[in-house]
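*Asks:* Below: one structure in structure tokens.
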Amino acid sequence: MTSKMFAPFTNRNYRLQWSSDLLTSCATEMEIIILGWFILTETNSVALLTLYASLQYAGTLIAPGFGLAGDRVGHSNILLYMRVIYSVLAAALLALAFAGLLGPISALLIAGLGGLIRPSDLGIRNVLTSQIVPRESLMTAISLSRTTTDLARIAGALTGATVVGLLGLQWGYLFIVIFYGTSAILMRDVKVAAAVTSTLNVAFTPVRDFIDAIRALRATPSHLASVVLAFLVNLTAYPFTLGLLPYLTREVYGADQTSLGYLVAATGIGAMAGSLVLSYLGQLIPPARTMLIFSVVWHVLIVVLGQTTSVWVGFFVLMLIGAASMLCLLPLAVLLLQGVKPELLGRIIGIRMQAVYGLPIGLLVSGPLIGNFGFSIVAATYGTIGGLCTLLILWRWYGHMWPISAGSNRA
């Protein structure tokens with residue numbers, strides 16, 4: 001079982017992609033910590049903090065376009081272009097910081113530009129992984145790929161907070177530029193089999209291609225239910241770990257940036273544990289049933305997080321949240337990659353990435369609500385609504401999602 005757990009690493013292309021993804025994720029986590037804290041301390045505004053977090057997902061609406069482009073020019077090429085752009089944007093921000101010209105507005109503008117492409121990154125990673133490894137190793141490979149984000153949340157968060165605390169924002173961004181640049185170099189060497197790229201010579205008809213993907217999604221109830229659940233958790237659960245942690249750290253716990261790094265790392269530790277459990281169990285996991293159960297658990301933990309008043313209690317709860325989120329979303333990702341024509345994979349995942357739009361909506365709504373009612377009440381409200389809506393999804397698609405004999409429960 002253990003040898004199967006690490007079997008994807010015997011594939012050179014998978015090793016290159018995994019390493020490139022890890023460096024990209026580390027740089028991204030460092031950026032989120034550094035700029036989020038910078039904006040909060042410069043402006044003392046939770047509204048601007050949530051705006052910054054929302055801008056990370058500004059390109060959600062155009063995610064299907066990236067999926068379509070990947071189907072046409074190759075998903076490894078799209079990831080390469082994206083990482084070159086990340087490097088250029090980080091270098092621009094680094095130059096502004098060294099020149100003493102960096103302010104909240106310029107930081108928000110650059111974050112918005114990066115946010116035009118960042119929402120598509122994870123989905124395209126998963127499609128590329130599915131093209132590199134055999135189907136029977138997909139759950140294991142996707143779970144191990146997710147550890148790049150989890151490791152980055154631990155190492156990137158702690159490194160970002162420590163480097164900025166000791167050396168300043170400029171030197172933190174120098175590491176970010178190096179990480180993005182190296183990730184692009186590694187991705188350049190990833191090669192996909194010719195059979196997978198056979199659609200490159202097909203006529204480019206974006207409207208028809210997009211309609212084909214919509215039809216394929218609607219024709220598969222388990223896929224449609226997965227996209228709805230993905231939107232829900234982005235709307236009601238993710239805002240508390242992908243945007244509001246700086247506020248929780250400073251305003252609720254009365255702690256500093258170093259503590260913020262620990263709290264971000266806590267979600268990474270829990271998420272990595274969840275990813276490793278799934279990579280170990282592999283095909284034994286029923287994807288649809290697992291994602292529904294842990295969506296409910298995730299939302300219950302959001303309610304609990306809102307009632308914490310101590311950094312270390314929050315640390316423990318955030319570890320559990322990290323584990324629950326992976327035990328929900330990784331089976332969801334695998335479910336969506338199954339039963340789809342190879343030439344439609346990028347477009348289907350692009351449509352799934354539309355669900356990420358729930359995150360900026362949830363963040364933008366949460367800012368004013370927290371200002372008026374407080375963090376604990378908003379967390380309880382979001383968690384309760386999310387849990388009830390998960391049960392509603394189960395009720396609506398019960399026959400396709402819950403029976404262990406259903407196709408959606410075969411990894």
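The values are calculated or read from the model by the stated rules, or taken from the named source; none is laboratory data. What you see is a predicted model, and the numbers here were worked out from it, not measured in a lab. FYI the Cβ positions are ideal-geometry reconstructions off the backbone, even for glycines, and counts take in every protein chain you see.
*Asks:* Out of the residues in region 52-63 that are touching a Gly at 6+ places or on another chain (Cβ under 8 Å) and among the hydrophobic types (A, V, I, L, M, F, W, C), state the one that is farthest from residue 109 (Cα to Cα).
*Replies:* Ranking the qualifying residues of region 52-63, first place goes to 63.
*Asks:* For region 65-74, indicate whether the set of residues that are outside any helix (DSSP H, G or I) and crowded, with 17+ Cβ neighbours inside 10 Å is non-empty.
*Replies:* Yes: one or more hits.
*Asks:* Would a scan of region 312-330 turn up a residue that is among the hydroxyl-bearing types (Ser, Thr, Tyr) and either within 30 Å of residue 216 (Cα to Cα) or touching a residue at least 60 places away in the same chain (Cβ under 8 Å) (or both)?
*Replies:* Scanning region 312-330 turns up at least one residue that is among the hydroxyl-bearing types (Ser, Thr, Tyr) and either within 30 Å of residue 216 (Cα to Cα) or touching a residue at least 60 places away in the same chain (Cβ under 8 Å) (or both).
*Asks:* Mind checking which residues of region 386-398 are of a type outside the set (Phe, Trp, Tyr) and either free of Cβ contacts under 8 Å to residues at least 40 places away in the same chain or surrounded by 15 or more Cβ atoms within 10 Å (Cβ to Cβ) (or both)?
*Replies:* Answer for region 386-398, where residues must be of a type outside the set (Phe, Trp, Tyr) and either free of Cβ contacts under 8 Å to residues at least 40 places away in the same chain or surrounded by 15 or more Cβ atoms within 10 Å (Cβ to Cβ) (or both): 386, 387, 388, 389, 390, 392, 393, 394.
*Asks:* Can you tell me which residues in region 25-49 are farther than 25 Å from residue 175 by Cα and within 20 Å of the chain's Cα centre (by Cα)?
*Replies:* none
*Asks:* Follow-up question, since we're still on this one. Considering (1) under 24 Å from the mean Cα position of the chain (by Cα); (2) modelled with pLDDT under 80; (3) of a type in the set (Ser, Thr, Tyr), say which one residue 247 fails and leave the rest.
*Replies:* All conditions are met except number (2).
*Asks:* Looking only at region 106-141, count how many residues are under 29 Å from residue 246 (Cα atoms), of a type outside the set (S, T, N, Q) and assigned to a helix (DSSP H, G or I).
*Replies:* 16
Matching residues to (1) in contact (Cβ under 8 Å) with a residue 60 or more places away in the chain; (2) not basic (Lys, Arg):
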site: 62; (1), (2): no, yes
site: 72; (1), (2): yes, no
site: 76; (1), (2): yes, yes
site: 104; (1), (2): yes, yes
site: 111; (1), (2): yes, yes
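Matching residues to (1) modelled with pLDDT of 70 or more; (2) buried (at least 24 other Cβ atoms within 10 Å of the Cβ); (3) small (Gly, Ala, Ser):
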position	(1), (2), (3)
139	yes, yes, no
146	yes, yes, no
155	yes, no, yes
168	yes, no, yes
173	yes, yes, no
180	yes, yes, no
183	yes, yes, yes
187	yes, yes, no
192	yes, no, no
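*Asks:* How about region 11-48: which of its residues are among the aromatic types (Phe, Trp, Tyr) and modelled with pLDDT of 90 or more?
*Replies:* Hits for region 11-48 are 14, 18.
*Asks:* Also, quick follow-up: Are any residues in region 210-249 charged (D, E, K, R) and out of contact with any helix residue (DSSP H, G or I) (no Cβ under 7 Å at 6 or more places or on another chain), and if so, which ones?
*Replies:* 215
*Asks:* Somewhere in region 361-383, is a residue polar (S, T, N, Q) and under 19 Å from the mean Cα position of the chain (by Cα)?
*Replies:* No, that holds for no residue.
*Asks:* Still on this structure: I'd like to check which helices (runs of 4 or more DSSP H) are fully inside region 313-411 and have at least 2 residues that are in contact with a His (Cβ under 6 Å, 6 or more places away or on another chain) and at pLDDT 90 or above.
*Replies:* Ranges flagged: 375-396.
*Asks:* Consider region 233-275. How many of its residues are part of a helix (DSSP H, G or I) and among the acidic types (Asp, Glu)?
*Replies:* 1
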